[in-house]
Each structure stands twice: as structure tokens, then as C-alpha cells.
Amino acid sequence: MTKKQEKIWAYKLKNPQATVSQIAKATKSSYGYVYKLMQKIGTPPEVLMTNSGVVSTSSTGETTSTYDKHVGVNRSYVLDTAKEYVTKDRAADHGNMEDNFTKIAEYWSLHLDTPVYSDDVAVMMTLLKLARIKSNREHCDNWIDGAGYLACGAELVAKRSK
């Protein structure tokens, strides 16, 4: 692990509810770097807990739990994290949200031979997340992403209504 990664993890361990933005600012790292590090490595075992408050670590160092939730997961955490995901400039990685959803809608319209609109994409992606939740309720990212897709859909409808 690099010194920069160690610095980021040390901050995350001391501040388990810190957002990617807060970690980036505190460690003088870029948002993208911190975000990718969190996605690549996952949450450190010290920050995770199970329903009983216990984290299990296998002999190989793998962290396992029956309910893999972050300390402090609540509706504010889910919504704040979703807000962080959808309000940060992610265009460098994924392109403009509206353009992206419109392009996806065009592809789906061709494939399905029926009109699909950008806000339909937000609904369908939310349904994808709901399907994933059905198979794994404990994976918090699906709840967060679902909230984010719904927020994007609301924005797209509001823009179209103007």
C-alpha cells in the first residue's frame, strides 16, 4: 500500500462516516482517486459491522458478515452518499448524465422497437437496483444507487417540463 493510500485509510478509520469529498479534502487527494480507492479496496474491516456488531475475518484476511453495512448507515447516509454521487462532476468518467441517459434511451428504443425516454432510463436503472436488492438486501450500494437514479430521473422530467 502506498503512503497516500495509508493516509487515506488512516483518515477513513478515524472518521468512518466521512464522505469521499471529506476524505479527499482532508488528505489533500483528488476526489476521483479517493473514490476509486474506496471502490477498489472496499471498506476496511474496522469500519464494518454485522447485525450483532461483529466483523468476521477469515484465515485469508477476507472480511465476511451476514449484513455488510457501514457503521452509521441510515437514511441520511444513503441520501447523502447518493447526492455525492450524482452531484459531483462525474462527466470525465461517464459523460454528461442527460446526454448519457438520452443515448441509452435511443439504444433501448431501437432494441425494443418502442419509444424510450431519458427519464425511463432512470426508472429502469432503478428497477435494476431493486432486482439486485431482492437478491442481496445487505449490499448498501444498490440502495444508494437506486436513490441516485430516482433523483436523476426527477431532474430529467423537470428539465423536459420547462
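The values are calculated or read from the model by the stated rules, or taken from the named source; none is laboratory data. Quantities reported herein were computed from a predicted structural model and do not represent experimental measurements. Don't worry about glycine lacking a Cβ; one is built from the backbone with ideal geometry, like all the others, and counts go over all protein chains shown.
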Residues of segment 3-18 being small (Gly, Ala, Ser) and farther than 17 Å from residue 80 by Cα, which ones? 10
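Each row is one residue, and each column tells you yes or no for (1) in contact with an Asp or Glu (Cβ under 6 Å, 6 or more places away or on another chain); (2) modelled with pLDDT of 85 or more; (3) farther than 24 Å from residue 138 by Cα; (4) surrounded by 14 or more Cβ atoms within 10 Å (Cβ to Cβ).
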residue: 10; (1), (2), (3), (4): no, yes, yes, no
residue: 20; (1), (2), (3), (4): no, no, no, yes
residue: 26; (1), (2), (3), (4): no, yes, yes, yes
residue: 39; (1), (2), (3), (4): no, no, no, no
All but one of (1) surrounded by fewer than 16 Cβ atoms within 10 Å (Cβ to Cβ); (2) touching a Lys or Arg at 6+ places or on another chain (Cβ under 9 Å) hold for residue 112; state the number of the condition that does not hold. (2)
Just checking, which of 106, 84, 138 is farther than 21 Å from residue 36 by Cβ and either crowded, with 17+ Cβ neighbours inside 10 Å or modelled with pLDDT of 90 or more (or both)? 106
